[in-house]
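Below is one structure, written out as structure tokens; comments come after it.
The values are calculated or read from the model by the stated rules, or taken from the named source; none is laboratory data. Here the structure is a predicted model, which means the values were calculated and not measured. Here the Cβ positions follow ideal geometry from the backbone for every residue, glycine too, while neighbour counts run over all protein chains shown.
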């Protein structure tokens with residue numbers, strides 16, 4: 001994470017306003033990877049303001065419209081543009097709350113109309129069991145093969161987000177009669193539990209043995225071939241490489257969709273297991289039962305699902 005911290009510190013460069021932006025990032029999310037992504041989005045906006053000599057502290061609606069057009073001309077994908085606008089809206093909302101800016105020109109209420117969210121038109125494709133079986137077949141007994149098989153099995157059986165998977169550490173693993181419980185970071189901050197069991201646990205144990213043989217018994221679970229903590233970009237690349245010539249390169253989110261599609265558990269259990277923000281109202285009164293456990297228990301192995 002040292003590299004990530006260095007990237008975040010670059011936001012604080014030349015003015016009190018930039019320092020305020022850096023502070024805003026830490027208030028928006030406690031997850032370092034999320035902060036880094038927001039910092040990168042802000043860096044693109046800062047570059048635009050520098051090119052066209054517009055106020056970064058008090059941009060008007062016309063400036064934001066120009067920024068939207070500029071992103072299109074630069075060839076940025078619709079999903080990237082939508083995410084960037086959302087990130088900047090969060091940053092300026094926090095800046096306004098602290099009275100560093102007069103308004104939030106990126107918000108849907110104060111700023112120009114947003115582009116329609118592409119996710120509604122282009123939902124994340126569903127990775128079929130047949131495709132995943134094929135990809136698992138490419139995972140050999142090499143260090144990277146054992147690691148990738150464990151990652152795919154765990155993402156399939158838990159539906160974890162990328163940020164949650166990469167937050168796994170030895171210290172937050174706990175043995176359980178059903179397998180291993182891992183405490184992981186949630187998107188936007190906070191912590192949740194996931195249960196690793198069945199063939200995912202078998203694959204995970206093989207990877208833990210590899211780590212132990214390399215004297216990596218503390219710190220991050222997922223590492224590259226040189227022993228360095230795996231980054232989000234490296235994770236995406238690893239899954240794409242495993243996909244080979246398939247039309248749809250495998251991604252962590254496709255495996256999350258598979259978890260929520262093929263899992264026969266109740267909606268309430270799946271919602272809790274996935275760490276979504278709006279579980280059933282009755283959940284706030286249940287202080288003991290782990291509703292999400294049912295989803296982990298009932299998730300079938302890849303080989304047991306028929307297309």
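The selection criterion, being at pLDDT below 90 and outside the structural domain of residue 164 (by TED's automatic domain parsing), holds for residue 60.
Criterion applied to 128, 86 was being surrounded by fewer than 18 Cβ atoms within 10 Å (Cβ to Cβ) and either modelled with pLDDT under 75 or closer than 18 Å to residue 249 by Cβ (or both), and the one residue passing it is 128. Before we move on, is residue 142 modelled with pLDDT of 90 or more and surrounded by fewer than 17 Cβ atoms within 10 Å (Cβ to Cβ)? Judged against the criteria, residue 142 is a match.
Per-residue answers, yes or no, for (1) in a helix (DSSP H, G or I); (2) touching a residue at least 12 places away in the same chain (Cβ under 8 Å); (3) not assigned by TED's automatic domain parsing to the domain that holds residue 31:
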position	(1), (2), (3)
195	no, yes, yes
201	yes, yes, yes
209	yes, no, yes
215	no, no, yes
227	no, yes, yes
234	yes, no, yes
238	yes, yes, yes
241	yes, no, yes
253	yes, yes, yes
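Tallying residues that are closer than 23 Å to residue 298 by Cα and assigned to a loop (DSSP other than H, G, I, E, B) within the stretch 161-193 yields 5. A single entry from 73, 99 fulfils the requirement of being over 24 Å from residue 189 (Cβ atoms), out of contact with any helix residue (DSSP H, G or I) (no Cβ under 8 Å at 6 or more places or on another chain), exposed (fewer than 13 other Cβ atoms within 10 Å of the Cβ) and not assigned by TED's automatic domain parsing to the domain that holds residue 163: 73. Scanning the stretch 102-123 for residues that are surrounded by 12 or more Cβ atoms within 10 Å (Cβ to Cβ) and either at pLDDT 70 or above or under 24 Å from the mean Cα position of the chain (by Cα) (or both) yields 103, 104, 105, 106, 107, 108, 114, 115, 117, 118, 119.
Taken over the stretch 76-96, the criterion of being touching a helix residue (DSSP H, G or I) at 6+ places or on another chain (Cβ under 7 Å) and farther than 12 Å from residue 41 by Cα is satisfied by 78, 79, 94, 95.
Selection of the stretch 51-70 for residues being loosely packed, with under 14 Cβ neighbours inside 10 Å and either farther than 18 Å from residue 101 by Cα or touching a strand residue (DSSP E or B) at 6+ places or on another chain (Cβ under 6 Å) (or both) yields 51, 52, 69.
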